[in-house]
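Here's the structure we're looking at; comments come further down.
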Amino acid sequence: MTQKVTVDRGELYSALQKITQVIPQGKAARSDKYPEFTRYLHLRTDDGCLVIRGTDTADTLVVRIKAEGEIEACVLATTLFALVKPQGKLDGSTVEIESVEGEKVGGSVRIVSDSITTKVATGVALSEYPAVPGGRWKLLIQKWKAKDFKTILTYALLAAGRDETRPAINCVALIENRAVTTDGHRMHIADLPGTIKSDAGSDVKLSNKVALLCCKFLNDNDAVSIKQKKSGEIVVSGGNWELYSDVVPEKFPVYSQVVPKGCDFEVDVDRKKLATLLKKLSCLSNSVKVILNGNQCRLITESREFGNTETELLLDRISVVGAHIVIGFNIRYLLDAIDLEFDTVTLRFGNAFDPLLIRAGECRQAVVMPMRV
C-alpha cells in the first residue's frame, strides 16, 4: 500500500529544527544508551495535519503542520533533516513524502525535495515506535502569555542545579505561585502569573532540558499550557507543539527554609550601575569582597595576576545609619541574580555568615550564599 503526503518545506524544516533538539544526536544517537527507535521520527496524518513525533525516551515532542494526503511511517531523523534543509532562503516550495510498505522493517520511504527523489529504507516498524503517553491529564496552566513565562524560566534557569548526583535540583520547580531553582549555592525565585495546584502529590517540576526547550520553542505571542498526570508526568504545549516529559526524581528542597526571614539592614542600589561594575570586576577575579561602612560601599577584588582593586559603589538608600559588614560573594552569582529588567534592586544583609537576599520589585528574589575571600 502506497501513501503520500505533501507539506510546506518551511513548516517541515521548522518542525524538524525543534524535534532534533529533543532526540539524541551524533555519537549519543549511535550509542547503546538509547534504543534504535530514538533515531527515527514517527509521521502520521490527522485531520489535515502531519503529526511529527520524536523522542529520547524521557522527553517526547509532537509537532503538527498543515498537510495534504495521508501517511504513517517512520523516517530516520538525520536523513529527513538533511534532505529538507534549505541551501539558501526558503522559497515556498513543498516536500513530498511517500511510504511504500512503510509499516514494516524493510519497507521504504521516498522523499521529494528540490525536485530530487531520495529513497530511504525504513529501519523501525510502526509497531516498535512508542505511542504518545496516554491517561488522564489535569490542566494546571491554561493559556499563560508565553513572553512572560519565557522571562520567568530564563531567570530561573540561571540558578538551576547541574549536578548529576542531585537530580532533585536539576529542574525548575513550579510551586504554587512561584518558579524556584537552586544549585545549592544560590536560589532564584520568580512569581508566576497564576497559582498551580498539583494532584500528583509532588511539586510540578520542569527538567532543565524541558525548561530550556520551552524558552527556545515559544514565540512571544504564543499561549502556553501545562497538564500533569497523577503519576507526575507533564506535558507543555504552545503554538503547534506538545512536549511530554517524565517525572523529575526526588522531592525539591523546601525553599522557604533558605530564604532569610529578616535582615540587619538593607540597601537600594542602581541595578545597571551595579551590573556594569560587577562585569568589570569579573574580568579580574571570580569573587568580590563587599565592605559596607556607614553610607559607603566598597567592592574589593584580589588576584595574583591582576593585583588588588577597590571600587566604591554609590547607594541610593541604606536602612540603618552606621551599618557595617564585610562579606564575600561569587561575582557570577551576583550578576545572575540582578539579570533583570528593573531600575533598582534591594540588597538585604544579615551578618557576615548569612545569605544575601536580593529583591527586585515584588516578583523577583534571589538568595546568594556568602563565601570566604
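The phi torsions of the range 85-92, fed into the Karplus equation with coefficients 6.51, -1.76 and 1.60 and a -60° offset, translate into couplings of 4, x, 7, x, 6, 5, 10, x Hz, rounded to whole numbers, with Gly and Pro shown as x. Taking every alpha-carbon pair under 8 Å whose residues sit at least 6 apart, the range 138-256 reaches a relative contact order of 31 percent. Each label was represented as a point 7 Å from its Cα along the Cα-to-Cβ direction; for K143 and A223 these points are 0.3 nm apart. Extent along the principal axes, Cα only, for the range 138-256: 35, 28, 24 Å, with the longest axis given first. Compared with the dominant principal axis of the Cα atoms in the chain, helix 9-19 is inclined by about 50°. Helix 271-282 and the long axis of the chain differ in direction by around 90°, with both axes built from C-alpha atoms.
Basic side chains Lys and Arg get +1 at the Cβ, acidic Asp and Glu get -1 at the Cβ, and with that the dipole of the chain about its Cα centre reaches some 440 debye.
Listed values for the range 130-145 are Karplus-derived 3J(HN,Hα) couplings in whole Hz (6.51 cos²θ - 1.76 cosθ + 1.60, θ = phi - 60°), namely x, 7, 5, x, x, x, 8, 10, 9, 6, 9, 10, 10, 6, 6, 5, and x replaces Gly and Pro. When +1 charges are put on Lys and Arg Cβ atoms and -1 charges on Asp and Glu Cβ atoms, the dipole computed for the range 138-256 relative to its Cα centre reaches about 140 debye. Across the range 260-368, Cα pairs under 8 Å and at least six residues apart give a relative contact order of 33 percent.
Note on the chain: GNM, Cα springs under 10 Å; of F349, F265, F306, the largest mean-square fluctuation is that of F306. For the range 1-92, list log₁₀ I(q)/I(0) at each q in 0.13, 0.14 Å⁻¹, using the Debye formula over Cα point scatterers of equal strength and ignoring solvent, two decimals each. Relative scattering, expressed as log10 I(q)/I(0), comes to -0.43, -0.50. Taking each DSSP H run with n ≥ 4 as -39500 (n - 2.57) and averaging over every residue of the chain yields -5000 deg cm²/dmol at 222 nm. Candidates T38, A211, S319 compared by Cα position along the dipole of the chain: farthest toward the positive end lies S319, with charges placed on Cβ. Along its principal axes, the range 18-165 has C-alpha extents of 48, 38, 36 angstrom, given from the largest down. Using C-alpha pairs below 8 Å separated by at least 6 residues, the relative contact order for the chain is 12 percent.
Quick note: the coordinates plus some simple rules give every number you see, no bench work behind them. No experiment lies behind these values; they were computed from the predicted model shown. All Cβ positions, glycine included, derive from the backbone under ideal geometry; neighbour counts span all protein chains shown.
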